[in-house]
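The block underneath contains the structure these notes are about, expressed in structure tokens.
Bear in mind that the values in this text are calculations on the coordinates, not laboratory data. Small disclaimer: the values here were computed from a predicted structure and weren't measured. Every residue, glycine as well, gets a Cβ built from its backbone with ideal geometry; the counts of neighbours run over all protein chains shown.
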Amino acid sequence: MKRFKTLREKKDLTAVSSWKRKLRNVKGLTRDQLQMLSQMPTPVLTTLINQVGMIVAQKEAASPEEKARQALKHAREKEALKKKHSQEKERLNAQEASLVATDRAILDSIWKEVRKTLEKDLSRGNTERVNMIARLGKFKVTKAGQQRGRAFRYDLKR
């Protein structure tokens, strides 16, 4: 039983010494003030620190300029989030939008996307996909023996 009591007293002494070390780092306290604070019992000192902390927190929160800045910052963040959300929604709607139009307009819209892919394939020298489409028109395309950026199209035998 005595051992437990001595250990507890030892911990209390360690806590007090840690308070003293931390109080030394506080700017603006004189040696006399530090000595007076170090003579206070630990529970009283803890209560004092908590109350001072609450007072400081109230003063910081009560500042009207700070409240205005925080409100403005929050409003800007909210507006930016709304804008980002609406842009994402528009992008998704544009990708997934259905189209009702004439047959020719439908084919033109498809061709616009297919053309980009086929041009990219040809510029890389890949003629496989281009030839799949060209076979529909009874043509064949090759890049062999051609200048850079050029292709050769010829008719398939019928």
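Of the trypsin sites (Lys or Arg not before Pro) in the stretch 86-136, the ones in a loop by DSSP (not H, G, I, E or B) with at most 15 other beta carbons within 10 Å are R124. Since only S123, A144, I106 are under comparison, the one whose Cα sits farthest along the positive direction of the charge dipole of the stretch 103-155, derived from C-beta charges on Lys, Arg, Asp and Glu, is A144. Filter the cross-link list K22/K73; K112/K138; K116/K140; K22/K67 down to pairs whose alpha-carbon distance in this structure exceeds 24 Å. From the list (K22/K73; K112/K138; K116/K140; K22/K67), the Cα-Cα distance tops 24 Å for K22/K73; K22/K67.
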